[in-house]
2 protein chains.
Amino acid sequence: MSTATGKRTSAAAPPTRNTIQRALVLEAVRSLHNHPTSADVYDVVRAKHPNISRATVYRNLGVLANRGEVLRVEVPNGADRYDFFNEPHYHGKCRVCGGVFDIDMPYQENLLAQVVDSYGFTIEGHEIIFDGVCADCRAAAQRG
Amino acid sequence: MSTATGKRTSAAAPPTRNTIQRALVLEAVRSLHNHPTSADVYDVVRAKHPNISRATVYRNLGVLANRGEVLRVEVPNGADRYDFFNEPHYHGKCRVCGGVFDIDMPYQENLLAQVVDSYGFTIEGHEIIFDGVCADCRAAAQRG
DNA sequence: ATAAATGCAAACGTTTTGCAGATCT
DNA sequence: AGATCTGCAAAACGTTTGCATTTAT
């Protein structure tokens, strides 16, 4: 929010620049439709821009996530995943291969209403991660 | 499952021993009611048994979690937390201090029924992590 | 006696950070 | 010009693992 004078009131976000690296990171996330990790993104970007560093990829994934241009999926016991943002949705994590998969389920707006006591914790959002086995790993297990 | 000869058929879990270290780790988790990390447990155990190593704490937290004697709470972007197991329940993670807190809400048995499509992913369980601010950090922010 | 468990140290995977230099605006 | 951004290397963080030794059974 800005004041009448145009000055920022607090926590002013610095202006951002358009660098090739940033563009390539965004392009990579958009091209990868399998919840890529930062390492996946790094690999794709490096194909076009071999000198990019991991730090730059991490930093850009961070600013893109803050801007809302990509969605960061924080996975318990695993690398963060990224997704080109559509709508809030849920994910499953395969206990065999560690892969992350979309779970199509309506956004649970009524969850908060079911909270009995949060002990002073102010709830601002939620994440649901399903535990299970992905199609490929299930098939592999079937084969023995 | 065992055969008539007493041999294990598959994936035999090895017999476990009762070591002081294991007992101390369990005792520590039971004494700490604030979702301790492995580091917290390590600190408590080391007070009584200074020579214990971090590796032993990790290994014992692992076997105790597998046995169901403690509950492991896997937190996105943070160290695992442990809890003396009561019932499946949910947690909030403070976006300010990173602390983990219980959220009292009935177990959502009907979640699965709301899944529209899991794209071949076999769901075996779920975890809900609320995002928000804990009471202490909220109070601190209020004070400015 | 034997297999499990320990302690140590080193390695691991992921992410962050300090800093000098390059680059966008 | 000036701040942002980059690349590099190092460090931070949480956790796992190899190995020789100890210990419970």
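The values are calculated or read from the model by the stated rules, or taken from the named source; none is laboratory data. None of these values were measured; they are calculated from a predicted model. FYI the Cβ positions are ideal-geometry reconstructions off the backbone, even for glycines, and counts take in every protein chain you see. Quick note on the areas: whole protein, heavy atoms, side chains included, nothing else; ligands and nucleic acids left out. Shrake-Rupley method; radii C 1.70, N 1.55, O 1.52, S 1.80 Å.
Solvent exposure of the protein assembly as shown amounts to 60 Å² per residue of accessible area, where only protein heavy atoms count and the probe is 1.4 Å. A simple rule links phi to the HN-Hα coupling: the Karplus curve 6.51 cos²θ - 1.76 cosθ + 1.60 with θ = phi - 60°, which for the stretch B:122-127 gives 8, 7, 10, x, 8, 9 Hz, with x for Gly and Pro. A quarter of the convex hull surface defined by the alpha-carbon atoms of the stretch B:26-82 gives 3.7 nm² as the mean projection.
Note on the protein assembly as shown: with neighbouring protein chains present and a 1.4 Å probe, carbon and sulfur make up 51 percent of its accessible heavy-atom surface.
Taken residue by residue and averaged, Cβ atoms of other chains lying within 10 Å of the Cβ of B:108-118 number 4.
Principal axis extents of the Cα atoms in the protein assembly as shown, from largest to smallest and rounded to whole angstrom, are 78, 55, 43.
Label-point distances for B:Glu87 to the equivalent site in the other copies, using a point 7 angstrom along Cα→C-beta, read 3.3 nm when ranked shortest first. Shielding value for A:125-136 is 6, the average number of Cβ atoms from other chains within 10 Å of each residue's Cβ. Summed over qualifying helices (DSSP H, 4 residues or more, each -39500 (n - 2.57)) and divided by its residue number, the protein assembly as shown shows a 222 nm mean residue ellipticity of -10000 deg cm²/dmol. For the stretch A:88-98, the Karplus equation 6.51 cos²θ - 1.76 cosθ + 1.60, evaluated at θ = phi - 60°, returns couplings of x, 8, 10, 9, x, 10, 6, 6, 8, 9, x Hz by residue, with Gly and Pro reported as x.
When the accessible areas of B alone and A alone are added and the area of the pair subtracted, with a 1.4 Å probe, the result is around 3400 Å², both sides summed.
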